[in-house]
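**Student:** After the structure tokens below, expect a handful of questions from me.
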Amino acid sequence: MKFFGGIYFDQRGLSTSIRGMHMQTSQINNIAQNITGFDKPGYQRIENVVSSFSEYIGVHGLSTVVDDSVGRIYSTGHTLDLALAKKGYFQYETPNGIKLTRDGRFRMDKEGYLLTNENYKVLSKDGSPIRFSNIPDDIKNVKINTSGDIEVFNKKNGKMEYIASLGIVDKEGQISDETDVRQGYIESSNVRSETEIFELVPMKRNFQANRQMFITQNNMLNKTIQSLSQTS
């Protein structure tokens, strides 16, 4: 007759706790990013999307989507501050390709180019950088209508001269036909602090619950191993 003995450890409890903590940490980080972007012009809120299989695959079951709803719009009175009152994005040129933004804090450089707040060239509908052939003496002579058409008053002939049209696109990068550009305005983020805090509370509680479960299971395992080592 033979007797077989040993310890058979089921690690699913510990693994589930660890996966849960990883998941909640990633979700909390996304919420923290939203809170940080609350006062950032043009910032768009990140939404957590949790897969139904996240219990088994952990943080790999977490993805995000961007909330493209329009944020709070406020007046600045600055001629080259622009806000989009409808969904869409301004285009600008970078060394890494064309990028999109809703941050309309623009300015004009000494060469007449329209630049973003980070000194990148803003693009027109035809994909070329917007440039004023004649830099106006007074920036207030620049007029931009709701369609994104840019004109500047020419003192010599007393007429408005067309410069270019802003290349406003949708999230797929296609030129948008429905635009509502507001000159002299800036769009703040679409983040609501109370919403982020409301979502943060249960995630922190879930994290603490998973942490406590991990500690409890780990302590029980250590006690079992110590007891067996003493009897051997």
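**Student:** With respect to residue 71, is the statement that it is under 20 Å from the mean Cα position of the chain (by Cα) and open to solvent by less than 30 Å² (accessible area, probe 1.4 Å) true?
**Tutor:** yes
**Student:** Tell me which of these residue 31 doesn't satisfy, since it passes every other one: (1) of a type in the set (A, V, I, L, M, F, W, C); (2) without any contact (Cβ under 8 Å) to a residue 60 or more places away in the chain; (3) surrounded by 13 or more Cβ atoms within 10 Å (Cβ to Cβ).
**Tutor:** Only one criterion is unmet by residue 31, namely (2).
Residue-wise test of (1) assigned to a helix (DSSP H, G or I); (2) among the small types (Gly, Ala, Ser); (3) over 21 Å from the mean Cα position of the chain (by Cα).
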| site | (1), (2), (3) |
| --- | --- |
| 48 | no, no, no |
| 58 | yes, yes, yes |
| 82 | no, no, no |
| 86 | no, no, no |
| 99 | no, no, no |
| 157 | no, no, yes |
| 163 | no, no, yes |
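**Student:** Exactly one condition in (1) free of Cβ contacts under 8 Å to residues at least 40 places away in the same chain; (2) over 15 Å from residue 172 (Cα atoms) is false for residue 99; which is it?
**Tutor:** All conditions are met except number (2).
**Student:** Of all residues in the range 69-91 being touching a Gly at 6+ places or on another chain (Cβ under 9 Å) and aromatic (Phe, Trp, Tyr), which is nearest to residue 129 (Cα to Cα)?
**Tutor:** Only one residue fits best here, namely 90.
**Student:** For the range 34-44, give me each residue that is over 12 Å from residue 72 (Cβ atoms) and open to solvent by less than 50 Å² (accessible area, probe 1.4 Å).
**Tutor:** 34, 37, 44
**Student:** Ok, one more. Can you pull out the residues in the range 125-176 that are open to solvent by less than 80 Å² (accessible area, probe 1.4 Å) and charged (D, E, K, R)?
**Tutor:** Across the range 125-176, the qualifying residues are 138, 149, 151, 161, 170.
For (1) within 21 Å of residue 186 (Cβ to Cβ); (2) aliphatic (A, V, I, L, M), each residue gets a yes or a no:
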residue: 51; (1), (2): no, no
residue: 57; (1), (2): no, yes
residue: 79; (1), (2): yes, no
residue: 84; (1), (2): yes, yes
residue: 87; (1), (2): yes, no
residue: 95; (1), (2): no, no
residue: 126; (1), (2): no, no
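**Student:** Given the conditions (1) over 19 Å from residue 37 (Cα atoms); (2) in contact with a helix residue (DSSP H, G or I) (Cβ under 9 Å, 6 or more places away or on another chain); (3) exposed (fewer than 15 other Cβ atoms within 10 Å of the Cβ); (4) not basic (Lys, Arg), which single one is not true for residue 98?
**Tutor:** In the conditions (1) over 19 Å from residue 37 (Cα atoms); (2) in contact with a helix residue (DSSP H, G or I) (Cβ under 9 Å, 6 or more places away or on another chain); (3) exposed (fewer than 15 other Cβ atoms within 10 Å of the Cβ); (4) not basic (Lys, Arg), residue 98 misses (2) alone.
**Student:** Would you mind stating whether residue 186 is in a loop (DSSP other than H, G, I, E, B), more than 30 Å from residue 23 (Cβ to Cβ) and either at pLDDT 85 or above or out of contact with any Ser or Thr (no Cβ under 6 Å at 6 or more places or on another chain) (or both)?
**Tutor:** In short, no.
**Student:** Looking at this structure, is residue 229 within 30 Å of residue 116 (Cβ to Cβ) and either out of contact with any Cys (no Cβ under 8 Å at 6 or more places or on another chain) or open to solvent by 50 Å² or more (accessible area, probe 1.4 Å) (or both)?
**Tutor:** Criteria not met by residue 229.
The values are calculated or read from the model by the stated rules, or taken from the named source; none is laboratory data. As the structure is a prediction and not an experimental result, all values here were calculated from the model. Reconstructed Cβ throughout: ideal geometry from the backbone, glycine too, with neighbour counts over all protein chains shown. Accessible surface areas use protein heavy atoms only, side chains included; no ligands, DNA or RNA. Shrake-Rupley method; radii C 1.70, N 1.55, O 1.52, S 1.80 Å.
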